[in-house]
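J.: Sharing a structure below in structure tokens format, with a few things to ask.
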Amino acid sequence: MLGPEQLNLSSRPTPIFLEGSASIALTQPGAKDLGLKDGQIIQAVIAARGALLKLIVNNKELDWPGSSRFKPGDKLDFRVETSIFGRSLVLIGRSSNSVNSPSSPPPPPSPRLLSLMHRPGQPSILAGLLKLGGFEALGAQISGSEQLGANLLPSMAKLSPQMVKRGLASSGLFGEQQLAAGVAPQGLDIKQLLRSLLRSVPLKSVLRADLEGAIDEVESRQLESLQAQQSKELSYSFVLPFMDANAVEVELYRGALNLSDEGVDWVINLHTKSPGLGELWLKTTLNSAANIEMVMWAPRADVAERAREAASELEYELQRFGLNLEKLDVLNAPRPSLSEGLGGSGQVVDVST
């Protein structure tokens, strides 16, 4: 299927500047002069030399190419590594005595972080911006919009599992994690696109408020994913835009893995508003035995009837992928409101199984 677990998002909240994201190349004589051995863990201190920052290792100075997140006096831990490119110092984190020590409690979350963590439930701003024809209206304000559209907008008529996986990868959820891991980005993701647009619109533009809200939505979803992983769960919420249809809100959820032989269900929630079919919701539960249960909500009676008539065709298509449709309920009604605490942007997330 979609294989979201293969995207390997970090299992803990991490800053942008992480292990392996900075390294300092050393010459063989330089490493010998510092008395360094392969695999050794050393502590270094950042020091100011005028307008430049230097790294002090064994009383010797090295150029510091690292992030501005660090300041003079910070103590960092490095691992000495040898590869085909030579010997280098690889950052593995701050020293335990420089942060989070008993006498120095961690700083409180910033107001920005708190606002994202407690963002109230509301209809998806991003889905509204990326509705049918919406991307063209946005892209017209920046150069290269045609290429951006080709990269980010698949065709719903030609939709495939690979396109959905690519849509998740470019959803904006993983940009910082890729930077931290030193992975070169493959073109713009949606959050980068939104920030590019934001730089090009006037300060008092109505569109600017929508762009800022959409960025908040993506970053709030990033925090939700990280928080879920603290409980050994996986949760990815994103918007999948199309060039020939309205955007679809997607939520993928898997509960915490247990120690028993029983697998854990995946829950896949979809929500969209089609010009021809009206508003639609779909909840799919996939268990470890490749059995599927589906519930669909369609307020229009004719759409609900058409969905029931297509059940046998859907069952056949799923069998081609080795999946067994155990149950399909089509309800001629809007999806009920979710319980407090389960809702998010768009109010389409249901993690109950």
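J.: Evaluate E = 1/(1 + (r/R0)^6) for VAL90 and ASP302, where r is the Cβ-Cβ distance and R0 equals 41 Å; express this FRET efficiency to the nearest 0.05.
T.: With R0 = 41 Å, the Cβ-Cβ based efficiency is 0.10.
J.: In what sequence, highest mean first, do 46-55, 167-176, 292-301 appear when ranked by Cβ atoms within 10 angstrom?
T.: Going by the mean number of other Cβ atoms within 10 Å, highest first, we get 167-176, 292-301, 46-55.
J.: Return the lysines within reach of LYS165: Cα separation strictly under 22 angstrom, same-chain partners fewer than 8 residues apart disregarded; answer none if there are no such residues.
T.: LYS131, LYS191, LYS232, LYS273, LYS283
J.: Using a simple charge model, +1 on the beta-carbon of Lys and Arg, -1 on the beta-carbon of Asp and Glu, nothing else, what dipole does segment 112-331 show about its Cα centre, in debye to the nearest 20? If you can, show how the numbers build up before the last one.
T.: On the way: 21 positive and 27 negative charges, 155 e Å.
Value, rounded to 20: 740 debye.
J.: Next question. Near ALA127, within a Cβ-to-Cβ distance under 10 Å, what is the net charge of the other residues, with Lys and Arg +1 and Asp and Glu -1?
T.: Net local charge, ALA127 excluded: 0.
J.: Using modelled backbone amide H atoms (1.01 Å from N, in-plane), which distant-in-sequence or interchain residues come within less than 5 Å of ASN246's amide H?
T.: LEU132
J.: Give me the net charge of LEU197's neighbourhood, meaning all other residues with Cβ under 12 Å from the Cβ of LEU197; Lys, Arg count +1, Asp, Glu -1.
T.: Neighbourhood net charge equals +2.
J.: I'd like the Karplus ³J(HN,Hα) series for segment 210-225: coefficients 6.51, -1.76, 1.60, θ = phi - 60°, whole numbers in Hz, and an x wherever there's a Gly or Pro.
T.: Each residue of segment 210-225 in turn: 5, 5, 5, x, 5, 5, 4, 4, 5, 5, 5, 5, 4, 5, 4, 4 Hz.
J.: Next question, about the same structure. Roughly how many Å is it from the Cα centre of segment 275-331 to that of segment 234-260, as a whole number?
T.: If you average the Cα positions of each part, the centres end up 17 Å apart.
J.: What does the charge count around ALA301 come to, taking other residues whose C-beta lies under 14 Å from its C-beta (Lys +1, Arg +1, Asp -1, Glu -1)?
T.: Local net charge: -1.
Each value in this text was obtained by applying a stated rule to the coordinates, not by laboratory testing. Owing to the predicted nature of the structure, the values given are computational and were not obtained by experimental measurement. Cβ sites come from the backbone with ideal geometry, for glycine too, and all protein chains shown count toward neighbours.
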